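Novice: Input: one structure, supplied below.
The values are calculated or read from the model by the stated rules, or taken from the named source; none is laboratory data. Note that the structure is predicted; figures quoted are calculated from it, not measured. Because the Cβ atoms are built from the backbone with ideal geometry, glycine has one as well, and the counts that use them run over all protein chains shown. Heads up: the accessible areas ignore ligands, DNA and RNA and are worked out on the full protein's heavy atoms, side chains in. Shrake-Rupley method; radii C 1.70, N 1.55, O 1.52, S 1.80 Å.
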Amino acid sequence: FLVLVVVFHRPVLLTAGHTLAVHFAAGQNLKTDFRLEGSVFTNLTIRNLHAVPTAPGAVESADIDLIHVDYNLLALIRHGLSQGITNVQIRSARVVIDPDKAPRSPPKKTKEKMTLPDFFPGRVQAEDVSLLVRNHPRDLAIEGLSLDLDPQHPGRLVMNRLQLPGGQSWKSIAAATDMRPQNGAEV
């Protein structure tokens, strides 16, 4: 039995991962359809992700052709997301969010400061990403985002269109990105 598990661990783990992802998405009132690939121990690829709501929720729709994540399993277990994820690639993504449709929960009383999550991969590549966040009277719209953040080489940021909720709108935005340490500083 152990030999069979070792030989067939990849399909078993990928099937278990797919089942867990569908289960957790259902808990967020989303019906998902996608194909999961990868070696499980070093990388995962999600292809043709399609998500639609099954009940009122913040996500109206999500269609993503490719999400690829490279990681170091030991660093992930020992240090968490902050040091375990080394590379994230996203291609051809269209996501529509309407925060007004999200179920409201009573605010939690806490004395802790809100902080950003301790997660940022070593390298990020995004190609043809569009995000629409519904907001009345104007939406936040990011269309045709291409982003390359690499700590070893200069990257780029290109956006076909950016519209802010305040009404400001820009087209054909382009900029250089550089995550390398400047003036001897460490990242």
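Novice: Please work out how much length the chain gains when fully extended from residue 113 to residue 176, using 0.36 nm per residue of separation minus the C-alpha to C-alpha distance, in nm with one decimal.
Specialist: On the way: separation 63, 0.36 × 63 = 22.68 nm, distance 3.28 nm.
Length difference between fully extended and current span is 19.4 nm.
Novice: Hey, in the GNM for the chain with a 10 angstrom Cα cutoff, which one of 136, 50, 68 fluctuates hardest?
Specialist: In this elastic network of the chain, the residue with the biggest mean-square fluctuation among 136, 50, 68 is 136.
Novice: Can you work out the accessible area per residue across the chain, with the rest of the protein chains kept in place, probe 1.4 Å, in square angstrom?
Specialist: I get 70 Å² per residue for this part.
Novice: Moving to a separate point now. So what is the relative contact order for the chain, in percent, with contacts set as C-alpha pairs under 8 Å and at least six apart?
Specialist: Once divided by the residue count of the chain, the mean separation gives 12 percent.
Novice: Where nothing but the Cβ of Lys and Arg (+1) and of Asp and Glu (-1) is charged, how large is the charge dipole of the chain around its Cα centre, in debye to the nearest 20?
Specialist: Magnitude of the dipole: close to 500 debye.
Novice: Just subtract the alpha-carbon distance of residue 139 and residue 9 from 0.36 nm times their residue separation and send over the number in nm, one decimal.
Specialist: Going from the current span to full extension adds 42.3 nm.
Novice: If you project the alpha carbons of the chain onto their three principal axes, what span does each projection cover, largest first, in Å?
Specialist: 63, 51, 40
Novice: So, with a 1.4 angstrom probe, what is the percent of accessible area on the chain that is carbon and sulfur?
Specialist: In the chain, the share of accessible area belonging to carbon and sulfur is 61 percent.
Novice: Rg and Dmax in Å for segment 18-129, alpha carbons only: what are they?
Specialist: 16.0, 42
Novice: A further question follows. Eight or more residues apart or on different chains, and alpha-carbon atoms under 28 Å: count the Lys pairs in the chain matching that.
Specialist: 4
Novice: When ranked by the protection proxy of mean other Cβ atoms within 10 Å per residue, highest first, what sequence do the peptides 171-178, 30-37, 14-21, 142-149 form?
Specialist: 142-149, 30-37, 14-21, 171-178
Novice: Right, next: Per DSSP H run of n ≥ 4, the term is -39500 (n - 2.57); total these for the chain, divide by its residue number, and report the mean residue ellipticity at 222 nm rounded to 500 deg cm²/dmol.
Specialist: On the way: 4 runs with 36 residues, N = 187.
The per-residue figure over the chain is -5500 deg cm²/dmol.
Novice: Hey, another quick one. Roughly what percent of Cα-Cα pairs across segment 44-96 reach past 15 Å?
Specialist: Tail fraction, whole percent: 58.
Novice: Let me check I've understood the local charge: for residue 36, count other residues with C-beta under 13 angstrom from its C-beta, Lys and Arg +1, Asp and Glu -1. What total comes out?
Specialist: It works out to a net charge of +1.
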